[in-house]
Amino acid sequence: MNRSRTDRTIDAIWRMESAKVIAGLTRMVRDIGLAEDLAQDALVIALERWPESGIPDNPGAWLMTTAKRRAIDLLRRAKLRDRKYAEIARTVDGYTEEDIEQAIGEEIGDDLLRLIFMTCHPVLSQDARVALTLRLLCGLTTDEIARSFLTAESTIAQRIVRAKKTLNREGVPFEVPAGEELQDRLSAVLEVIYLMFNEGYSATSGDQWVRPLLCQEALRLGRVLAEIAPHEPEVHGLVALMEIQSSRLKTRVNAKGEPVLLMDQNRALWDQLLIRRGLAALERCRKLGRPLGPYSLQAAITACHAQARSAAETEWPRIAALYEALSRVAPSPIVELNRAVAISMAFGPAFGLQIIDRLNEEPALKEYHLLPSVRGDLLAKLGRNAEACAEFERAAAMTRNERERALLLNRAEECRSAPTESFF
């Protein structure tokens, strides 16, 4: 394996394993900033050693073991109290890689949920909670988070630094709270798990269209949360959304790893067990008797797709109505963009294009690549191929995901070679 390929492999491993390593270290040292620094130290050592020695059979366990040893060295140099040193030393001394692997399976799952609740503490603003957790759990860069927030990178960087300092200064406990405290943090935790799943479902950057392990981890955390808070409808709504979306993961890419859009997917390959689980979770949400919230409404939208036997049988008018309801409950430019797509499918591309053209003036979507991507698709359906080509090329220049860029450039090439006159 050449050096560049090894580095790409290490980067992929880091994205999968960093959250588990940071969560385990936070449980030990009770300092998120220090835990992230120790994990980064382990990554640096891996980058130095693995190209020569080869990637270990269990890279996550290797990173965890190395980071824990760094923690011991740091504590020894800092001359912390014997009690704290002994407590951490006992978790490391005598461990083999196999021991660490077993410990990961037994403990890390809970640690990840504790980490989410810790970083979603009310001493932080909502935006800071989400930004910090995406940084730690998803391994996203500040640039990638900024694009998710439609915010400047410098703003995100400042939020993350201040959030770490605040959590350390306030001594926020590393635990899953109960009672009212759980309720107070629930909306932020749900948002974090939702964004974590979305990053796995459509990767912000890199050369992979999806990150299935990130989706699986978000879904697992959602299921655990549903056990902790069974009477909260939005918890079940989010789980329903993730279950149904996960049913399509295997069909979102072809054998070459290239994106396959929803309308072109082989529905016979959708995971029916996950769909049934999702529909059951949505039913549990509805039985609680409260108005559907944003996650439940999105779950209802995905259920429409899951229950359609073919793309042609999709109930687009119902989906458009659900997006209308979603825009009232959780208004945002991105929801409006999705509503435009649904309206175009239900009533024709010209109606959707009217909404899209209004969104062109929305400052928050100025650098959002899906806006020109959707506009290009609608223009192509109207036979305005030259304009569509320009929009696809603009979208390709904006995206950071290599697979998505290739898809958009291919769409642009198709429009370039198609007739320009419209027959509509």
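The values are calculated or read from the model by the stated rules, or taken from the named source; none is laboratory data. Computed from a prediction, not measured in an experiment: that's the story for all the values here. Please note: Cβ atoms are built from the backbone with ideal geometry, for glycine as well, and neighbour counts cover all protein chains shown.
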Check: Looking at 303, 229, 255, which one is within 25 Å of residue 203 (Cβ to Cβ) and in contact (Cβ under 8 Å) with a residue 12 or more places away in the chain?
Finding: 303
Margin query: Going residue by residue through segment 205-217, is there one that turns out to be part of a loop (DSSP other than H, G, I, E, B), in contact with an Asp or Glu (Cβ under 8 Å, 6 or more places away or on another chain), surrounded by fewer than 16 Cβ atoms within 10 Å (Cβ to Cβ) and not hydrophobic (A, V, I, L, M, F, W, C)?
Written below: yes
Margin query: So, in segment 124-139, exactly how many residues are of a type outside the set (Asp, Glu) and either more than 15 Å from the chain's Cα centre (by Cα) or assigned to a loop (DSSP other than H, G, I, E, B) (or both)?
Written below: 6
Margin query: Restricting to segment 292-306, name every residue that is farther than 14 Å from residue 277 by Cβ and out of contact with any Cys (no Cβ under 6 Å at 6 or more places or on another chain).
Written below: 292, 293, 294, 295, 297, 298, 300, 301, 304, 305
Next item on the list: May I ask you to say which residue of 227, 283 is out of contact with any Phe, Trp or Tyr (no Cβ under 7 Å at 6 or more places or on another chain), of a type in the set (D, E, K, R), surrounded by fewer than 17 Cβ atoms within 10 Å (Cβ to Cβ) and at pLDDT 95 or above?
Entry: 283
Note to self: Would you confirm whether or not segment 187-196 contains a residue that is farther than 17 Å from residue 18 by Cα, out of contact with any Pro (no Cβ under 7 Å at 6 or more places or on another chain) and at pLDDT below 80?
What the structure shows: no
Note to self: I'd like to check something: does segment 367-381 contain any residue that is over 21 Å from residue 201 (Cα atoms) and not in a helix (DSSP H, G or I)?
What the structure shows: no
Notebook entry, point to check: Does segment 316-366 hold any residues that are in a loop (DSSP other than H, G, I, E, B) and touching a Pro at 6+ places or on another chain (Cβ under 8 Å), and which are they?
Noted result: 330, 362
Check: If you take the residues in segment 389-400 that are surrounded by 20 or more Cβ atoms within 10 Å (Cβ to Cβ) and under 29 Å from the mean Cα position of the chain (by Cα), which one is farthest from residue 203 (Cα to Cα)?
Finding: 391
Note to self: With the requirement that a residue be in contact with a Ser or Thr (Cβ under 7 Å, 6 or more places away or on another chain) and of a type outside the set (Gly, Ala, Ser), what does segment 222-244 give you?
What the structure shows: 233, 234, 241, 244
Check: Within segment 413-420, can one find any residue that is surrounded by 17 or more Cβ atoms within 10 Å (Cβ to Cβ), touching a Leu at 6+ places or on another chain (Cβ under 9 Å) and under 20 Å from residue 264 (Cα atoms)?
Finding: yes
Note to self: Can you tell me how many residues within segment 152-186 are on the phi < 0 side of the Ramachandran plot, surrounded by fewer than 16 Cβ atoms within 10 Å (Cβ to Cβ) and of a type outside the set (D, E, K, R)?
What the structure shows: 9
